Amino acid sequence: MGKYFGTDGFRGEANVNLTVEHAFKVGRYIGYYYGRGHKARVVIGKDTRLSSYMFEYALAAGLTASGADVYLLHVTTTPSVAYVIRSEGFDCGIMISASHNPYYDNGIKLINGNGEKMADEVTEQIEKYIDGLAPEVPYATRDKIGRTIDYAAGRNRYIGYLISLATHSYKGVKIGLDCANGSTWMIAKSVFDALGAETYVINNSPDGTNINKNAGSTHIEHLQAYVKEKGLDVGFAFDGDADRCLAVDEKGGLIDGDLILYIYGTYMKKRDKLTTNTIVSTVMSNFGFGKALEKAGIDWLQTQVGDRFVYECMRAGGHMLGGEQSGHIIFSKYATTGDGLLTAIKLMQAMLDQKQPLSKLAEPVQLYPQVLKNVHVADKDEAINHPDVQAALKAAQAALEGNGRVLLRKSGTEPVVRVMVEAQDLPLCNQCVDSIIEAMDKAGLVKEGY
């Protein structure tokens with residue numbers, strides 16, 4: 001990770017550590033970088049945060065000042081930006097969103113011409129430019145100055161694409177949608193209505209400050225209660241920029257990313273569509289998910305946390321399906337990034353085609369209890385590699401007797417080590433986690449008041 005750009009773009013609190021000056025400079029460099037030899041065409045989307053308008057205009061100013069033409073999708077989803085770039089030959093795209101973060105945060109996600117996250121080599125050059133460590137880029141003048149174009153038509157084409165992927169009518173199916181007061185607030189209902197569903201929608205009244213607030217995939221309990229209250233057949237919850245989706249079955253049970261991968265992966269295998277017989281997920285996937293895949297005869301690859309790493313693994317191996325427990329699900333035949341609406345449509349396909357409710361399709365997966373605690377430390381590497389901590393880790397692994405797992409992971413953005421244990425019973429999880437944290441504390445590795 002760089003100074004500004006992490007695994008999911010340049011993220012921070014609006015006008016605190018992500019400012020309009022930053023956005024302007026990102027636009028300036030992107031317009032220059034992609035405009036060498038021709039007039040660059042860049043598409044921009046944004047979510048519903050109050051600051052998204054500010055960043056949209058700052059980016060557009062920087063881009064046009066460097067000679068690029070800017071196409072504005074306005075409020076839309078991250079995967080729609082990737083789709084428009086790929087399908088309509090844009091040089092690159094930008095999504096303004098901090099995903100599931102609170103409204104006062106925002107982010108700049110850069111997407112290359114293939115609809116993939118921009119290469120580190122490019123973001124490193126942008127960082128040098130922001131910090132004044134690279135030569136100033138020239139301003140466009142006269143007829144070389146760029147322009148902005150209203151491009152809501154691109155968003156509408158994406159909606160049409162989603163509708164075209166559905167293999168069944170949803171007539172007679174009662175579907176709940178939690179739009180998180182975010183990017184799907186105008187899109188999700190129109191897609192499901194067009195497919196004939198009886199739609200019930202919550203959290204689709206954004207005011208600039210309520211994105212993700214007790215809503216969406218990070219607060220799935222609200223949709224769970226709503227599905228039970230209304231007697232719905234299924235529910236789907238999205239995050240702020242709709243690259244995530246979690247589902248709720250007809251009983252109000254959570255269908256998380258692991259269960260989504262299992263349901264659709266086994267469905268693909270039954271139809272001989274899982275061409276490499278492999279599902280890709282991260283190290284955070286549940287131990288029970290792995291055991292269920294093994295029983296189903298499906299291979300399982302794990303990457304470090306981040307949908308970027310999942311996609312890179314999928315691309316390298318030609319794998320068709322991958323994702324994260326949090327709901328980033330990638331269907332490589334159709335998209336280059338997690339797409340919450342696409343995930344909902346594919347889950348509907350698996351459910352309707354097999355004539356089974358989600359609760360039944362998820363039944364073979366027995367998820368293990370999981371305990372995750374964050375420990376604030378002075379030195380993340382030392383906290384993990386200290387001999388006493390490693391000894392506690394090995395003792396915890398021995399206590400699980402091969403029927404569970406222990407994971408120590410460094411946070412990518414904070415001075416935090418995450419201690420996670422999965423086991424067949426919750427008390428054992430807590431016992432193992434606490435023993436490792438106690439070893440860190442006794443070794444003087446924990447920051448006071450963690």
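Below is a table of values for the structure above.
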item: Segments 128-134, 151-157, 266-272, 246-252 sorted - mean Cβ within 10 Å per residue, highest first; result: 246-252, 151-157, 266-272, 128-134
item: Residues SER285, SER164, SER359 arranged by fewest to most Cβ contacts within 10 Å; result: SER164, SER359, SER285
item: Estimated inter-spin distance, LYS39 and ASN214, nm [label 7 Å along Cα→Cβ]; result: 5.0
item: Within the range 154-236, GluC sites (Glu not before Pro) in DSSP loop having at most 13 other beta-carbon neighbours inside 10 Å; result: none
item: Footprinting exposure proxy for HIS38, HIS222 (fewest neighbouring C-beta atoms within 10 Å first); result: HIS38, HIS222
item: Local net charge near GLU250, Cβ-Cβ under 10 Å (Lys/Arg +1, Asp/Glu -1); result: +2
item: Size descriptor, Kirkwood hydrodynamic radius, that averages inverse alpha-carbon separations across the chain, Å; result: 22.9
item: The chain, dipole about Cα centre (Lys/Arg Cβ +1, Asp/Glu Cβ -1), debye to the nearest 20; result: 1200
item: Ordering of 391-399, 27-35 by burial proxy (mean other Cβ atoms within 10 Å per residue, highest first); result: 27-35, 391-399
item: Sorted peptide list for 180-188, 334-342, 346-354, criterion being average Cβ within 10 angstrom, highest first; result: 180-188, 334-342, 346-354
item: Extension gain from LYS270 to ALA153, taking 0.36 nm per residue of separation minus the Cα-Cα distance; result: 38.3 nm
item: Sparse-neighbourhood loop sites, GluC sites (Glu not before Pro) in the range 106-144 - DSSP loop, at most 11 other Cβ within 10 angstrom; result: GLU136
item: Magnitude of the charge dipole, the range 286-379, Cβ model with Lys/Arg +1 and Asp/Glu -1, debye to 20; result: 240
item: In the range 377-447, the GluC sites (Glu not before Pro) that fall in loop regions by DSSP, at most 13 other Cβ within 10 Å; result: GLU401
item: Derived scalar couplings ³J(HN,Hα) [the range 126-136; Karplus, 6.51 cos²θ - 1.76 cosθ + 1.60; whole Hz; x for Gly, Pro]; result: 4, 4, 4, 5, 4, 8, x, 9, 10, x, 5
item: Relative contact order of the range 370-442, defined on C-alpha pairs under 8 angstrom at six or more residues apart (%); result: 42
item: Under Karplus coefficients 6.51, -1.76 and 1.60, residue-wise ³J(HN,Hα) of the range 183-200 in Hz, glycine/proline x; result: 4, 8, 4, 9, 9, 4, 4, 5, 5, 6, 5, 4, 8, x, 6, 8, 9, 10
item: Dipole in debye (nearest 20) - the range 14-119, about Cα centre, beta carbon charges: Lys, Arg +1; Asp, Glu -1; result: 180
item: Expected 222 nm ellipticity per residue - DSSP helices of 4 or more, -39500 (n - 2.57), all of the chain, to 500; result: -12000 deg cm²/dmol
item: Given LYS333/LYS373; LYS270/LYS346; LYS25/LYS333; LYS269/LYS360; LYS109/LYS270, the pairs whose alpha carbons are separated by over 25 Å; result: LYS333/LYS373; LYS25/LYS333; LYS109/LYS270
item: Fraction of antiparallel bridges per DSSP, the chain only, in percent to nearest 5; result: 50
item: Extension gain (nm, one decimal) between TYR334 and ALA378, 0.36 nm per residue minus Cα-Cα; result: 11.5 nm
item: Length added when fully stretched, GLU229-GLU414, from 0.36 nm per residue minus Cα-Cα; result: 62.7 nm
item: Ranking of ILE159, ILE126 by count of other Cβ atoms within 10 Å, fewest first; result: ILE159, ILE126
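Laboratory data are not the source of any read-out in this text; all were calculated from the coordinates shown. Here the structure is a predicted model, which is why all the values come from computation and not from measurement. All Cβ positions, glycine included, derive from the backbone under ideal geometry; neighbour counts span all protein chains shown.
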